[in-house]
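Have a look at the structure that comes next, please.
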Amino acid sequence: MMQTREDTPVLVHQLDGRESPVERLVFWALQPVLLGVVMVAFLADPASVWLSTVTLVSVQLLIGRLEYRFPARPDWRQPPRLKLELIVIAVVTLVVAESAVKLYEGLLTDRLSSLRTSLRLDIWPHHWPLLIQVLLVFSASEFIWYWMHRAEHRWPLVWRASGHGAHHAFKKLNAINSGANHPIELFWVVLPALLVSLFFGVGVAANGALLLTVVQVAVVHGNLRLNARGIGWFFTTNAWHFRHHSADLAESNTNFGCAAIIWDRVFGTFVDSGVVDTGIGPREPTLLEKLLMPIREPRGSVIAPGLVQGADRRG
């Protein structure tokens, strides 16, 4: 399935003609079907308190099984020890994210509501179809995240303070990597959607945007061959996101959209190409080194902003 030359980029958004019917079905249908199903489920019960959890677990289990059966890159199959480590990190990530959301809601809800009223920006189109509102929240949140994400890769202080390097440190990408963030970064990651939701008084449409994001971040880290035509004009695909995880500095500084690629297309940071190697350098840091990245860049890191590529960096 994969190209065997180590210096040849792997193009996960192309078929090579040797795929089974099931692999072809996954290639063409997985991403749009998952997005469609989750939106149908949301529209059936927009106020569901369980749908986001069910979606998160179901999508991870499904993609994880497919990655094991039909990996785009067999060398990215994760051994049980690494998979367990990632699951633990993902659980910690969820707990921290929930805490961050509650903290921000307590600090910002009344303040942003008052600001909205004083600026006379109580303009959210609650009368529009709910699906359109969901796409508006999703697009606006991704717009904010796009610039925050670019800042992480542009300024060393933001890179360090957010702990973003830990997310890039993994050499083997699978869907479970979508939850592999430094705990500090969760206070950064949850902000865009909260700012949009609380400032505009969005309401239940924010739940739908969250579901789209949950599906997207799992899919774009998935080790599968997936179609990027059509859907890849607006939504990020794993082909675009793998390039962002490249261990090459120039390749990594592209495709900043984690769920929507449209803002990269608008602002000129979209690039379509395969990837040879991922991570922050030639080796994957230990778990301790990843946790210490806000303080000290691991030896051999080559993509951290403000550092001379290829040098022995010690932060």
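For the chain, which DSSP H helices look membrane-span-like by this rule: Cα extent along the axis of 20 Å or more and mean Kyte-Doolittle of at least 1.0?
Correct list, ordered by number: 21-44, 205-220.
Hey, another quick one. Helix-only estimate, please: 222 nm mean residue ellipticity of the chain, summing -39500 (n - 2.57) across DSSP H runs of length 4 or more and dividing by its residues, to the nearest 500. Show your work: numbers first, answer last.
Details: 13 runs with 170 residues, N = 315.
It lands at -17000 deg cm²/dmol.
Still on this structure, please answer the following. At 7 Å along the Cα-to-beta-carbon direction for both K102 and L288, put a label point, then send me their distance in nm to one decimal.
Taking the two extended label points, one gets 3.2 nm.
Oh, and also: Can you give the relative contact order of the chain as a percent, counting alpha carbon pairs under 8 Å and 6+ residues apart? Walk me through the numbers on the way to the answer.
Values: 505 pairs, mean separation 78.7, N = 315.
Once normalised by length, the contact order is 25 percent.
Okay, next question. Highest mean first, what order results for 72-82, 288-298, 196-206 on Cβ atoms within 10 Å?
Details: 72-82: 14.7, 288-298: 17.9, 196-206: 20.4.
Averaged packing, sorted descending, gives the order 196-206, 288-298, 72-82.
When averaged across all projection directions, what area in nm² does the alpha-carbon convex hull of the chain cover?
Numbers: hull surface 65.0 nm².
So the mean shadow area of the Cα hull is 16.2 nm².
Considering only G300, L108, H149, whose Cα is most displaced toward the positive end of the charge dipole of the chain, charges sitting on Cβ of Lys, Arg (+1) and Asp, Glu (-1)?
G300
Quick check of the Kirkwood formula: for segment 192-291, what is the inverse mean of 1/r over all pairs of different Cα atoms, in Å?
Answer for segment 192-291: a Kirkwood hydrodynamic radius of 15.0 Å.
Same structure again: Among all the aspartates and glutamates, which ones have a C-alpha under 16 Å from K172's C-alpha, if same-chain residues fewer than 8 places away are not counted?
The qualifying aspartates and glutamates are E6, E67, D75, E85, D248, D277, E284.
Computed from the coordinates by the stated procedures, all read-outs in this text should not be read as laboratory data. Quick caveat, the model's predicted, so the values are computed rather than measured. Every residue, glycine as well, gets a Cβ built from its backbone with ideal geometry; the counts of neighbours run over all protein chains shown.
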